[in-house]
Every structure is written in structure tokens, then in C-alpha cells.
Amino acid sequence: MSQVLTKTVTAYKYDELSDSAKEKALEKMYDINVDHDWWEFIYEDAKTIGLKITGFDVACASYCNGDFLASAEETAHKIEKEHGENCETFKTAKEYLKTRDEIIGTAPRDENGDFESEYDLDQALNSADKEFLRSLLKDYRIILQKDYEYFTSRKAIEETIRANEYDFTEEGKFPAL
């Protein structure tokens, strides 16, 4: 004959746990803020300014890959409109536009005012575009890195635990079932 057994478990909120139980809870929930598309808003921000991020790694390899959705110049102007002056991407865009203007302004011209070598000008502008892309992807890698570090910080994990009112066992196990 089978019988039904009932087990009673006392559930505790995070702030009610002992220090050692809190540590155990944090260890078990270290990835709670980064286990699902935490980078989505950064990808969307990049898309808004004309950059498509195609991949990244904020751990060992530490890279960010991507490409312009339109021209480098258009992306730089969108950054000027969308990002604040204190943002690294803004500084990167301003530097690119300055470099671009210098390349065009100092390119040799003939007696008619036409560029002597459009090929050389195009090569110099393409080089500036590539450097801008490299620098912009570096800026976004740093943004991704900082967000990841915050989301996996003790402070952020505790905020998530408290906001979701998770229950734990006395030992800090989750879920408290």
C-alpha cells in the first residue's frame, strides 16, 4: 500500500539567511542575470547607430565582431545624434570625422581643383573607415564587458534575488522546495 508523505520546508528570504547561506545562494545564482540574452539592448543600441554586432566574447578571447549597416560616415553622424558627448563611442566618432575631413582636405588636387588621385583618396578613406570600425567595436566590447561584470557582481545578483523575492532553504539552497 502506498502512502503520501508530506515534507515541510521553511523558506527564507535572502536577507534572512546567515552569511554562509547567503554565500551559497550567490554561488548557485552567479549567472542569474546573464543566462539569457543580457546583451540584447547593447546589440539594439548598436543597430540604432548603424552597426551590426555579429559576435563577442568578454572572457578569454575578449573580442567584438561586427560591420556597418550603412557607411562609416553615416554611422558616425548617427552616433553624434544618439550618444552623449561623454560616451566613448561619441569620442570615437568625432575622431573619425576629424580624420576623414583631414584626409579630404589635404588630398592633392590638380589645377582644376579635382583630386589628383581618386584611387589614393579612396584608399586613405577606406583605411580610416576600417580603423573607425575597429575602434567602435572595441568601444562596444568594453561596454559589453562592463555590463557583464555588473550583471555578475554581488550587488546585481542580490538586487535580482530581492526584486524577485526568491525563497531559499536555511542552507541557502534554491529553490526552497
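The values are calculated or read from the model by the stated rules, or taken from the named source; none is laboratory data. Everything numeric here is computed off the predicted structure, so don't read it as measured data. Quick reminder, even Gly has a Cβ in these numbers, built from the backbone with ideal geometry, and neighbours come from all protein chains shown.
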Original post:
Counting only residues that are aliphatic (A, V, I, L, M) and under 13 Å from ARG134 (Cα atoms), which one in region 50-75 is surrounded by the most Cβ atoms within 10 Å (Cβ to Cβ)?
Top reply: LEU51
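I'd like the full set of residues that are in contact with a His (Cβ under 8 Å, 6 or more places away or on another chain) and over 15 Å from LEU144 (Cβ atoms), limited to region 58-92.
Applying the first criterion (in contact with a His (Cβ under 8 Å, 6 or more places away or on another chain)) to region 58-92 yields 89-90.
The one that is in contact with a His (Cβ under 8 Å, 6 or more places away or on another chain) and over 15 Å from LEU144 (Cβ atoms): PHE90.
So that you can scan it fast, the table gives a plain yes or no per residue for (1) more than 22 Å from THR160 (Cβ to Cβ); (2) outside the structural domain of LEU133 (by TED's automatic domain parsing); (3) among the β-branched types (Val, Ile, Thr):
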residue: SER2; (1), (2), (3): yes, yes, no
residue: LYS13; (1), (2), (3): no, yes, no
residue: LYS28; (1), (2), (3): no, yes, no
residue: TRP39; (1), (2), (3): no, no, no
residue: TYR43; (1), (2), (3): no, no, no
residue: LYS47; (1), (2), (3): yes, no, no
residue: GLY55; (1), (2), (3): yes, no, no
residue: TYR63; (1), (2), (3): yes, no, no
residue: GLY66; (1), (2), (3): yes, no, no
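Looking at region 19-59, which of its residues are in a loop (DSSP other than H, G, I, E, B) and touching a residue at least 12 places away in the same chain (Cβ under 8 Å)?
Hits for region 19-59 are MET29, TYR30, ASP31, ILE32, ASN33, VAL34, TRP38, TRP39, ILE49, GLY50, VAL58.
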**OP:** Please tell me if GLU88 is surrounded by 12 or more Cβ atoms within 10 Å (Cβ to Cβ) and outside the structural domain of ASP67 (by TED's automatic domain parsing).
**Re:** no
**OP:** Find the residue count for region 143-177, including only residues that are touching an Asp or Glu at 6+ places or on another chain (Cβ under 9 Å), in a helix (DSSP H, G or I) and loosely packed, with under 15 Cβ neighbours inside 10 Å.
**Re:** 1
Subject >> Candidates LYS47, LYS98, filtered to the one that is surrounded by fewer than 16 Cβ atoms within 10 Å (Cβ to Cβ) and either closer than 30 Å to GLU116 by Cβ or β-branched (Val, Ile, Thr) (or both) >> reply: LYS98
